[in-house]
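Colleague: Handing you a structure now.
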Amino acid sequence: MKVNRRHFMAGVAVTAILPLARPVFAAEKGLIAIITPSHDNPFFKAEAVGAEARAKELGYETLVMVHDDDPNKQSELFDTAIARGANAIVLDNAGADATVAAVQRAKDAGIPSFLIDREIKESGIAVSQIVSNNYQGAQLGAEEFVMLMGESGNYVELVGREADTNAGIRSSGYHDIIDQYPDMVMVAQQSANWSQTEGYEKMETILQANPDIKGVICGNDTMAMGAWAALEAAGRTDVIVVGFDGSNDVRDSILAGGIKATVLQPAYRQAQIAVEQADQYLTTGATGKDEKQLMDCVLINGDNAAKLETFALTA
Amino acid sequence: MRDILTPLAILSCVLLPLAGCKIVKDPDPEAATTEAEQMTDEARMAAFAESIWADQVVPTVNESTVALPDLTALINTQGLDAAGAAHGLRPDGEANPWNFAVSGQGKIVEANTESRAAKLMVDTTADGVADVTVQLGPVVRGTALRDAMPFIVFTDFRDQIEFAKLARALNDLAHSAVALPEGDLVGRDVSFTGVFTMRNKGDKVELVPTRVQVE
């Protein structure tokens, strides 16, 4: 009886410890929260997957969450990360202004944030802000667009969500090139909020009012996919479409002779670098880098599209 | 409100021939505390570029200058990264390209001074083939001038938009510093100092000049 009870109790103790022990082993170095916009856009999914894979390689437990571009939801996710005792937060944020307070709150709680893709409008709060060189990338895309257009003709610009700095900077990069060509005429410029559905709807409407367009330049690939679908539906596959991001969808379209070009943001690698810098910071107390860092983008067209896979170019 | 108006304000400036001349008030009432904050990014960065041009930018280029043939030889024998480590300038961050400050001379083999993206094609190796493109502007490609300045750090700027406007303002100053003689330039000797970005070994040299002297 005594022996049996001891065995029983030992069994209870083991089963009680097991669930605790497992995360302790996995989380030898702690927990990294990875917060991005919705994974519906493969770009953000690639970020989350890249960050998670690197974090696990480096011995961290991960907590992957999406804010759906809602600053209130993002704020709640920060509370969750703080409550769970995260050691670091890797973030693609929900707004350059609105995010400042959340990152500050994490900092006050002793949790460093490492931002990717989008900047916030303050420095000195996050430890790192690693962003694609959108201006450089947009100029690459615009140069290709102008070349494809033969330096002349009517065109449409679909811009991203206004609250996002990347929408403004890409538009600015496009126009710093395109506006130098007097025969390039912009007949419509509308926001499609980074969305494929809105890209489709806006393109449909614009096309009715301006049937004489020759090209469409888009602030991201999902809007480009939407615009291309609308052009295809209207039998206007002669229209030149250029995107931005370097998604597999646009890669496939380029290879099939649809969309003509896009600009690759190294999203997968960028997310990994953020985790590496978080690890460096947690282990040594510094990243050894400037807070704000730019990563160059690469033009993708028929020449190199086949080498593109999940926001990275293979050798 | 500001998010809608800012791109419009930027656009309206971009469309003006001499963009720096137009000052549009920033419509955000919260930010309007000092005069500098009331200026557009474009006007503020133009003023900042002007303030550092003569005292910091031009001296930095002159101090870091390598003779172009020496640099080319070094890149050819030891590779771009070795040449970059020895003479290059680049901001922090993975895979950022090297920028080099160089001086050189040669013969103008082609001159396009009509285009908005005016340029001189210069042969510095006396083989009759142009090996340097001297960008005259007003359209000057790239951000080499900005990125070659060790004292210009992205973290000090609000965002990429402001930082991009600074690059453009510095390119504008490079353009306005160029004075060319009248007449046909092809066949004439030219000496230059300036900055260029090299991403891959063997890429064309597209120089943003701080000095161009046609003999």
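The values are calculated or read from the model by the stated rules, or taken from the named source; none is laboratory data. Values in this document were obtained by computation on a predicted structure and should not be read as measured data. Note that we place each Cβ from the backbone using ideal geometry, even for glycine, and neighbour counts take in every protein chain shown. The area values use the complete protein model at the heavy-atom level, side chains included, leaving out ligands, DNA and RNA. Shrake-Rupley method; radii C 1.70, N 1.55, O 1.52, S 1.80 Å.
Colleague: Hey, with R₀ at 22 Å, roughly what FRET efficiency would residue B:62 and residue B:86 work out to, going by the Cβ-Cβ distance, to 0.05?
Modeller: In this case the efficiency is close to 0.80.
Colleague: On to the next question. What number do you get for chain A when its Cα radius of gyration is normalised by 2.2 N^0.38 Å, N = residues?
Modeller: Normalised Cα radius of gyration, chain A: 1.18.
Colleague: Moving to a separate point now. Label the range B:40-214 by shape, choosing from rounded, prolate and oblate, from the square roots a ≥ b ≥ c of the eigenvalues of the Cα gyration tensor; if a/c is under 1.5 it is rounded, and otherwise prolate applies when a/b is larger than b/c, oblate when it is not.
Modeller: Note, shape of the range B:40-214 comes out oblate.
Colleague: Using every alpha carbon pair in the protein assembly as shown, what percent of pairs falls into each 20 Å bin from 0 up to the bin containing the largest distance?
Modeller: Pair shares across the bins are 21, 51, 23, 4, 1, 0.
Colleague: Follow-up question, since we're still on this one. Rounded to a whole number, what is D in µm²/s for the range A:93-202 from Stokes-Einstein with the Kirkwood radius over alpha-carbon pairs (25 °C, 0.890 mPa s)?
Modeller: Once the numbers are plugged in, D ends up at 156 µm²/s.
Colleague: According to the square roots a ≥ b ≥ c of the eigenvalues of the Cα gyration tensor, what is the shape class of the range B:82-147, taking rounded for a/c under 1.5, prolate for a/b larger than b/c otherwise, and oblate for the remainder?
Modeller: Cα axes put the range B:82-147 in the oblate bin.
Colleague: Here is a follow-up. In whole Hz, with x marking every Gly and Pro, tabulate ³J(HN,Hα) for the range B:208-215 from phi via Karplus 6.51 cos²θ - 1.76 cosθ + 1.60, θ = phi - 60°.
Modeller: 9, x, 9, 8, 9, 10, 8, 7
Colleague: With axes computed from alpha carbons, what is the tilt in degrees of helix A:2-26 against the longest principal axis of chain A, rounded to the nearest 10 within 0 to 90?
Modeller: The angle comes out at about 30 degrees.
Colleague: Note the angle between two axes, namely the Cα long axis of helix A:71-83 and the longest principal axis of the Cα atoms of chain A, as a number of degrees from 0 to 90, rounded to the nearest 10.
Modeller: That helix lies at roughly 20 degrees to the long axis.
Colleague: Quote the accessible area belonging to residue B:175 in square angstrom, nearest 10, computed with a 1.4 Å probe and with ligands, DNA and RNA left uncounted.
Modeller: Number for this one is 70 Å².
Colleague: Can you tell me, using C-alpha contacts under 8 Å and at least 6 residues apart, the relative contact order of the range B:40-214 as a whole percent?
Modeller: This gives 27 percent for the range B:40-214.
Colleague: Taking the Cα centre of the range B:40-214 as origin, work out the dipole magnitude from +1 charges on Lys and Arg Cβ and -1 charges on Asp and Glu Cβ, in debye rounded to 20.
Modeller: Working: 15 positive and 24 negative charges, 24 e Å.
The calculation lands at about 120 debye.
Colleague: While we're looking at this one, here's another question. List the aspartates and glutamates whose alpha-carbon lies under 12 Å from that of residue A:292, not counting same-chain residues fewer than 8 positions away?
Modeller: A:117, A:119, A:122, B:92, B:94, B:156, B:159
Colleague: Follow-up question, since we're still on this one. Round to the nearest 10 and give me the degree value, 0 to 90, for the angle of helix A:221-233's Cα axis relative to the longest principal axis of chain A.
Modeller: The answer is roughly 40 degrees.
Colleague: While we're on this one: Taking the dipole about the Cα centre of the protein assembly as shown, with the C-beta of Lys and Arg at +1 and of Asp and Glu at -1, give me whichever of A:110, B:196, A:302 is farthest to the positive side.
Modeller: Sorting the options by dipole projection puts first A:110.
Colleague: Another question, if that's okay. For the range B:109-157, what class follows from the C-alpha gyration tensor (a ≥ b ≥ c being the square roots of its eigenvalues): rounded when a/c is under 1.5, otherwise prolate if a/b is larger than b/c, else oblate?
Modeller: oblate
Colleague: State which entries of B:165/B:201; A:45/A:121; A:45/A:260; A:289/B:119; A:289/B:107 exceed 31 angstrom in Cα-Cα distance in the structure shown. Each step should come with its number before you reach the end.
Modeller: Working: B:165/B:201 28 Å; A:45/A:121 24 Å; A:45/A:260 24 Å; A:289/B:119 36 Å; A:289/B:107 42 Å.
Long pairs (Cα-Cα over 31 Å): A:289/B:119; A:289/B:107.
Colleague: Name the residue farthest towards the positive end of the dipole of the protein assembly as shown from the options A:159, B:137, A:278, assuming +1 on Cβ of Lys and Arg, -1 on Cβ of Asp and Glu, about the Cα centre.
Modeller: Towards the positive end, the residue furthest out is A:278.
Colleague: May I ask you to derive the FRET efficiency for residue B:126 and residue A:314 from their Cβ-Cβ distance with R0 = 35 Å, giving the value to the nearest 0.05? Present the calculation step by step, with values, prior to reporting the outcome.
Modeller: Values: r = 42 Å, r/R0 = 1.19.
Using R0 = 35 Å, I get an efficiency of 0.25.
Colleague: Check which residues have an amide H placed less than 5 Å from residue B:137's amide H, if you skip close sequence neighbours.
Modeller: Residues meeting the amide H criterion: B:118.
Colleague: Taking the Cα centre of the protein assembly as shown as origin, work out the dipole magnitude from +1 charges on Lys and Arg Cβ and -1 charges on Asp and Glu Cβ, in debye rounded to 20.
Modeller: Dipole of the protein assembly as shown, to the nearest 20 debye: 1740 debye.
Colleague: If the elastic network links every pair of Cα atoms under 10 Å, which of A:201, A:57, A:119 fluctuates the most in the Gaussian network model of chain A?
Modeller: Its mean-square fluctuation being the largest, the pick is A:57.
Colleague: Follow-up question, since we're still on this one. Taking the Cα centre of chain A as origin and charging only Cβ (+1 Lys, Arg; -1 Asp, Glu), how large is the dipole, in debye to the nearest 20? Walk me through the numbers before you get to the answer.
Modeller: On the way: 25 positive and 43 negative charges, 385 e Å.
Once rounded to the nearest 20, the dipole reads 1860 debye.
Colleague: How compact is the range A:228-288 by the rule of thumb for globular proteins, expressed as Cα Rg over 2.2 N^0.38 Å? Mind dumping the intermediate values first?
Modeller: Details: Rg = 18.7 Å, N = 61, 2.2 N^0.38 = 10.5 Å.
Compactness ratio reported: 1.78.
Colleague: Please state the relative contact order of chain A as a whole percent: Cα pairs under 8 Å, 6+ residues apart? Could the numbers behind the result be given before it?
Modeller: Working: 649 pairs, mean separation 55.2, N = 315.
Answer for chain A is 18 percent.
Colleague: So what is the orientation-averaged projected area of the range A:161-287, using the convex hull of its C-alpha atoms, in nm²?
Modeller: Computed as one quarter of the Cα hull surface, the answer is 9.5 nm².
Colleague: Ok, one more. Just how much of residue B:178 is accessible, in Å², when a 1.4 Å probe is used and the result is rounded to the nearest 10?
Modeller: Per-residue accessible area (residue B:178): approximately 30 Å².
Colleague: Here's another thing I want to ask about it. Could you work out the mean count of beta carbons from other protein chains within 10 Å of each residue's beta carbon in A:272-278?
Modeller: Rounded to a whole number, the mean comes out at 1.
Colleague: Here's something else I'd like to know. Keeping all protein chains in the complex and leaving out DNA, RNA and ligands, what accessible area do you get for residue A:103 with a 1.4 Å probe, in Å² to the nearest 10?
Modeller: Estimated to the nearest 10 Å², residue A:103 gives 0 Å².
Colleague: Here's another thing I want to ask about it. Can you give the local net charge around residue A:153? Use residues other than it whose beta-carbon is closer than 15 angstrom to its beta-carbon, Lys and Arg +1, Asp and Glu -1.
Modeller: Values: positive: A:214, A:236, A:260; negative: A:144, A:151, A:157, A:179, A:183, A:212, A:238.
Residues close to residue A:153 contribute a combined charge of -4.
Colleague: Could I ask something else about it? Measuring from label point to label point, each 7 Å out along Cα→Cβ, what is the residue A:100 to residue B:110 span in nm?
Modeller: Result: 4.9 nm between the two label points.
Colleague: Turning to a different aspect of this structure: Take the Cα of residue A:234, step 7 Å along the line toward its Cβ, and report every residue of the range A:193-209 whose backbone nitrogen sits under 17 Å from that point.
Modeller: So the set is A:196-209.
Colleague: Using the C-alpha gyration tensor of the range A:138-230, what are the square roots of 5 times its eigenvalues, in whole angstrom, with the largest one first?
Modeller: Its equivalent ellipsoid spans semi-axes of 19, 16, 10 Å.
Colleague: Which value, in Å³ per residue, describes the convex hull spanned by the Cα atoms of the range A:31-162?
Modeller: On the way: hull volume 16.3 nm³, N = 132.
About 123 Å³ per residue, rounded to a whole number.
Colleague: Select from A:146, A:124, A:223 the residue farthest towards the positive end of the dipole of chain A; place +1 on Cβ of Lys and Arg, -1 on Cβ of Asp and Glu, and compute about the Cα centre.
Modeller: A:124
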